[in-house]
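The values are calculated or read from the model by the stated rules, or taken from the named source; none is laboratory data. Values in this document were obtained by computation on a predicted structure and should not be read as measured data. Here the Cβ positions follow ideal geometry from the backbone for every residue, glycine too, while neighbour counts run over all protein chains shown. Only protein heavy atoms, including side chains, enter the accessible area calculation; ligands, DNA and RNA are left aside. Shrake-Rupley method; radii C 1.70, N 1.55, O 1.52, S 1.80 Å.
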Amino acid sequence: MKKLIKNILPALLVAVIAIEHGFAAEPPAPFDRSKDLLLLQHDMGNDPDDLCAIVVQACMLMHTDYDDVDFYAVVGTRNLYSGHFGWIEECRPLVAQLFGAKGSLWTDAETESQWAASLDIVKGKAKTALLSGGRVWVVEAGTSDFTRDWVNRLKSDTEVNNSLLNTHVVVVQHGRTNENNTDPADLTFVKNNTDYYKIGEGKLDFDRSDTPKYLSRSTSYRLVATAASNPNFYARDAFQALETALTTATGNPTLDPGGVDFTDSVEMWWILDMGDPAGSVDNVWNNYIVNESVAVVSHIDNEDASVVYSGNWRRQDNADDYSGSMDYSGDAGDFVEATFDGNYVQVGVRMGGSGGIVDVYIDGNLVVDDVDTYSSEKVHQAVIAEAYLSSGSHTVRLEATGQKNTASNRSYAMFDFFYVESGESDVAKGYAWDDGDELITLKQMTSSVSDGVITLALDAANNDPFIVLEEANVDSSNSQIELRVRNGTSGTSWRLYYAPVGGSFQGNYQDFAVTANSDWQTITLDLEGAPGYAGTISKLRLDPQGFAGGTIEIDYIEMKAP
């Protein structure tokens, strides 16, 4: 007997260590959509990652892959005595947009009375599932105090066999911090009275965890989700509502600069056995946030086998880089490049005190030069350049110049990733103003933005007003320019200038007519074969002519293939 005990203890120890470090067992049974219940419990504490997570969860559950899953959401499940519900005010309108009026698919447990009412609702739904032979699966996106209370109510219900709780109430937790913030007695109760699992936190790749990595500082994801061209209207509207919530809900180092953090969703991935279709941020976006025929997104990180390095490049690990590391070189002419199929690319780097001056090439052409990557503080996953291209094979290159500004202590190019999109969308570059009046330069006019429309105010006394649309970087095969405008002036003649990379606006323009004092009108210009419209077009300029005062409103300007 002593020998048997001696042999079995190491195995038990390994099992305990594995679970504690996020390598949990498989789910105890497949999720049965005919009788199981999925509970989404979000504490809405100090970290606004709950807001991003519940938006992603909603997009998945509304998809045809999972629209037959019986679910219910509870927000505000933070311990009543912790004294602070960080983002509950931002949460309520967001969740109402996702799931409709409160009560049907969600409830709010913020106050003591709401907590009690929510316990009654959840206890009733859980009881129904259990008595029908189903399981109750808990996505514990926060502390477990709320779970303790409704499980305790079930234990007191004479119609519920208490032994069912240990086998058919499955509580799945991903966050060690959530466990630490749970009242110790409550956590012990939950572990002793349910089938409790601690899985990976969703912050590491699969080679270091049993769950996907569900965070990225790349700004591309939210941009493509909120874009007017996203045909997944539910996801588009949901992420636009998230943007509104995040204007005040701050404090997350990934969300604040425009990235995504839905690590609170790995429990749902594990419970529903979502597998590879939701096995990364890229896959979640392709399958549940955007339509694949419009934009397939992928990252080519610094460790990808397709990346080609030339020169003296070295690697440095940091968990905040896209794949947990970046490669750097400060020697002039050293470059890193990758060939891809797509029509859009971004270049992502680490910026910091050793950042130098870098250049970016597309298909051998210098498209962005002398980019200063110095920063007094480290900035991970910083996008320094983007390009809109014709669909097909392209090569993108980041090259060190060996130069730096005087504040930097090195001249390093610090490569993190290339972000790529491919698809059938005919829009190569779109200017819209959902996020303000960025990417423009004005002369002799002022601007304001409301509801995605930019309004330009002109004074008749000014003889040369114009707006420059920066950072086009579009291949000239996209020769059709479409504008949706409302002209509130008496002028009827406008001029569109275009500048190729390395060139200027001089001599490169097309005149066109607009209706004066009009309602909305859509104008299409064909620039194929126009003088100077060749190579890569770096920017546009729109000039209203005729010394006319008033206002001009622009809904969008798109550059696309004819």
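Take the residues in region 369-383 that are open to solvent by less than 30 Å² (accessible area, probe 1.4 Å) and either closer than 22 Å to Thr536 by Cα or of a type in the set (A, V, I, L, M) (or both), then tell me which one is modelled with the highest pLDDT.
My answer is Val371.
Are any residues in region 159-171 farther than 23 Å from Gln57 by Cβ and open to solvent by less than 40 Å² (accessible area, probe 1.4 Å), and if so, which ones?
First pass over region 159-171, keeping only residues farther than 23 Å from Gln57 by Cβ: 159-167.
Of everything in region 159-171, those that are farther than 23 Å from Gln57 by Cβ and open to solvent by less than 40 Å² (accessible area, probe 1.4 Å) turn out to be Val160, Leu165.
For Val260, which of the numbered conditions (1) over 19 Å from Glu90 (Cα atoms); (2) open to solvent by less than 10 Å² (accessible area, probe 1.4 Å) fails to hold?
Going through (1) over 19 Å from Glu90 (Cα atoms); (2) open to solvent by less than 10 Å² (accessible area, probe 1.4 Å) one by one, Val260 breaks only (1).
Can you spot a residue in region 393-410 that is more than 23 Å from the chain's Cα centre (by Cα), modelled with pLDDT under 90 and of a type in the set (A, V, I, L, M)?
Checked against the condition, which is being more than 23 Å from the chain's Cα centre (by Cα), modelled with pLDDT under 90 and of a type in the set (A, V, I, L, M), region 393-410 yields no hits at all.
Does region 472-484 contain at least one residue that is farther than 25 Å from Pro562 by Cβ, at pLDDT below 90, out of contact with any helix residue (DSSP H, G or I) (no Cβ under 6 Å at 6 or more places or on another chain) and of a type in the set (D, E, K, R)?
The answer is no; no qualifying residue exists.
Residues in region 129-158 that are free of Cβ contacts under 8 Å to residues at least 40 places away in the same chain, surrounded by fewer than 17 Cβ atoms within 10 Å (Cβ to Cβ) and under 23 Å from Arg33 (Cα atoms): how many?
1
If you scan region 92-113, which residues turn out to be of a type outside the set (Phe, Trp, Tyr) and either assigned to a helix (DSSP H, G or I) or at positive phi (or both)?
Listed by number, the residues that qualify are Arg92, Pro93, Leu94, Val95, Ala96, Gln97, Leu98, Gly100, Gly103, Glu112, Ser113.
What are the pairs, 6+ residues apart or on separate chains, where a residue within region 319-334 that is without any contact (Cβ under 8 Å) to a residue 40 or more places away in the chain and over 14 Å from Gly202 (Cα atoms) has its Cβ under 6 Å from a residue that is of a type outside the set (A, V, I, L, M) and open to solvent by 40 Å² or more (accessible area, probe 1.4 Å)?
Ser325/Arg315; Ser325/Asp317
How many of the residues in region 325-357 are over 22 Å from Asn473 (Cα atoms) and surrounded by fewer than 18 Cβ atoms within 10 Å (Cβ to Cβ)?
Total meeting the criteria: 5.
Check Glu421 against each of (1) modelled with pLDDT under 80; (2) surrounded by fewer than 14 Cβ atoms within 10 Å (Cβ to Cβ); (3) under 27 Å from Asn343 (Cβ atoms) and name the one condition it does not meet.
The failed condition is (2).
Being open to solvent by 10 Å² or more (accessible area, probe 1.4 Å), part of a helix (DSSP H, G or I) and of a type outside the set (Ser, Thr, Tyr) narrows it down to one residue among Pro277, Pro253; which is it?
Of the residues listed, the single one that is open to solvent by 10 Å² or more (accessible area, probe 1.4 Å), part of a helix (DSSP H, G or I) and of a type outside the set (Ser, Thr, Tyr) is Pro277.
Determine, yes or no, whether Asp282 is without any contact (Cβ under 8 Å) to a residue 24 or more places away in the chain, farther than 30 Å from Ser408 by Cα and surrounded by fewer than 20 Cβ atoms within 10 Å (Cβ to Cβ).
yes
Evaluate the following for Val427: is it open to solvent by less than 60 Å² (accessible area, probe 1.4 Å), modelled with pLDDT of 80 or more and closer than 25 Å to Asn478 by Cβ?
Against the criterion (open to solvent by less than 60 Å² (accessible area, probe 1.4 Å), modelled with pLDDT of 80 or more and closer than 25 Å to Asn478 by Cβ), Val427 does not qualify.
Starting from residues that are open to solvent by less than 10 Å² (accessible area, probe 1.4 Å), closer than 19 Å to Trp115 by Cα and in a loop (DSSP other than H, G, I, E, B), keep the ones in region 44-57 and report whichever is modelled with the lowest pLDDT.
The extreme case among them is Gly45.
In region 458-489, what residues are surrounded by 18 or more Cβ atoms within 10 Å (Cβ to Cβ), within 30 Å of Asp369 (Cβ to Cβ) and β-branched (Val, Ile, Thr)?
Residues satisfying the conditions are Ile467, Val474, Ile481.
Give the residue, chosen from Thr395, Thr401, Thr406, that is closer than 15 Å to Glu337 by Cβ, surrounded by fewer than 21 Cβ atoms within 10 Å (Cβ to Cβ) and not basic (Lys, Arg).
On inspection, the qualifying residue turns out to be Thr395.
Residue-by-condition table, conditions (1) closer than 19 Å to Leu215 by Cα; (2) of a type in the set (A, V, I, L, M, F, W, C):
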| residue | (1), (2) |
| --- | --- |
| Phe233 | no, yes |
| Ala245 | yes, yes |
| Asp264 | yes, no |
| Met274 | yes, yes |
| Asp282 | yes, no |
| Asn287 | yes, no |
| His299 | yes, no |
| Glu303 | yes, no |
| Asn312 | no, no |
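Report, by residue number, each residue of region 172-230 that is outside any strand (DSSP E or B), open to solvent by less than 70 Å² (accessible area, probe 1.4 Å) and basic (Lys, Arg).
If the condition is that a residue be outside any strand (DSSP E or B), open to solvent by less than 70 Å² (accessible area, probe 1.4 Å) and basic (Lys, Arg), then Lys213, Arg217, Arg222 are the ones that fit.
Show the residue pairs that are 6+ apart or on different chains and have beta-carbon atoms under 6 Å apart, the first residue being within region 462-482 and within 17 Å of Val396 (Cα to Cα), the second being open to solvent by 40 Å² or more (accessible area, probe 1.4 Å) and modelled with pLDDT of 85 or more.
Pairs found: Ala472/Lys539.
Counting only residues that are among the polar types (S, T, N, Q) and more than 18 Å from Gly202 (Cβ to Cβ), which one in region 47-79 is farthest from the chain's Cα centre (by Cα)?
If we take residues in region 47-79 being among the polar types (S, T, N, Q) and more than 18 Å from Gly202 (Cβ to Cβ), then Asn79 is farthest from the chain's Cα centre (by Cα).
Looking only at region 290-304, which residues are in a loop (DSSP other than H, G, I, E, B) and either surrounded by 12 or more Cβ atoms within 10 Å (Cβ to Cβ) or at pLDDT 90 or above (or both)?
Within region 290-304, Val290, Asn291, Glu292, Val294, Ala295, Asn302, Glu303, Asp304 meet the criteria.
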